[in-house]
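The values are calculated or read from the model by the stated rules, or taken from the named source; none is laboratory data. In this text the structure is predicted, and so the values were computed from the model without any measurement. Counting neighbours? That spans all protein chains shown, and the Cβs are built from the backbone with ideal geometry, glycine included. SASA here: full protein model, heavy atoms, side chains in, ligands and nucleic acids out. Shrake-Rupley method; radii C 1.70, N 1.55, O 1.52, S 1.80 Å.
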Amino acid sequence: MSSTATAADRVPLAPATRAEYCVIACAEAWRGAGEILASPMGLIPSFGARLAKRTFSPDLLLTDGEAMLVALDGTVEGWLPYRRHLTMVTGGRRHVMMGASQIDRYGNQNISCIGDWARPARQLLGVRGAPVNTLNNPVSYWVPRHSARVFVEKVDMVSGVGYDRAAGARFHRLPRVVSDLGVFDFETPDHAMRLASLHPGVDVEQVRQATGFDLVIAEEVPYTREPTAGELRLIREVIDPGALREREVRA
């Protein structure tokens, strides 16, 4: 160990929690993204985007949720007028990570209603910007409670567009789905959802039982990568010192 290491550096770190693995898995969605607009929706995706910018994707652009580009400490770095924002949105230069009330094997997402559209059992957010987002720039998804009610055979209404409906969409891409159980992608011949990695403490059967359709599952499924000591310190001491992540994800 270097003689210049601080006392804090020498204190053993507690093992990473499930929530911290989820932050890492979300951050990885922006690895190597370059200078694009990151639009994370929700706590864990926001922590992931900020971790990515602080480490392996320093060129990511973050906003205050309105019209300002902001630095990691929240100070304003620039103005993002609506016209320029739309140019980025429709030109593939934004990567959104949003939630899903339902998602199917091809990545069709529903945030609009549960039940028949004409007489829904539950009204949700509405389609919002999901169709434009998914057809015009990369979109990933974050699901804090993996269950067969969310991962369904067929969504009740298509809000975000999946691979089976996106023929001809130039910038359509769904890089990953992160849940509290693992990471999923669509790297299969027909773009059916695949189990890409398991969070530690989770097994394949647990994921299978919590999913309402047949996932593509390899014989050997790796674990989600472990946070480095530096990443853990950033998460715990800088990005989320109040440990809000632990309220959203509980192993």
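Before moving on, here are some points about what is shown:
- Taking region 148-170 as the range and being open to solvent by less than 40 Å² (accessible area, probe 1.4 Å) and touching a strand residue (DSSP E or B) at 6+ places or on another chain (Cβ under 9 Å) as the test, the residues that pass are Val150, Phe151, Val152, Val155, Ser159, Gly160, Val161, Gly162.
- Residues that are in contact with a Gly (Cβ under 9 Å, 6 or more places away or on another chain) and either open to solvent by 10 Å² or more (accessible area, probe 1.4 Å) or on the phi < 0 side of the Ramachandran plot (or both), drawn from region 103-124: Ile103, Asp104, Arg105, Tyr106, Asn108, Gln109, Asn110, Ile111, Ser112, Cys113, Ala121, Arg122
- Ala243 in a loop (DSSP other than H, G, I, E, B) and open to solvent by 70 Å² or more (accessible area, probe 1.4 Å): no
- When region 91-102 is filtered for residues that are open to solvent by 40 Å² or more (accessible area, probe 1.4 Å) and either at pLDDT below 95 or touching a Phe, Trp or Tyr at 6+ places or on another chain (Cβ under 8 Å) (or both), only Arg93 remains.
- In a residue-by-residue description of region 40-58, the property of being among the β-branched types (Val, Ile, Thr) and modelled with pLDDT under 95 applies to no position.
- Residues satisfying the stated conditions in region 129-147, i.e. open to solvent by 50 Å² or more (accessible area, probe 1.4 Å) and either at pLDDT 95 or above or small (Gly, Ala, Ser) (or both): Arg145
- Within region 1-33, restricting attention to residues that are of a type in the set (A, V, I, L, M) and open to solvent by 40 Å² or more (accessible area, probe 1.4 Å), the residue that is modelled with the lowest pLDDT is Met1.
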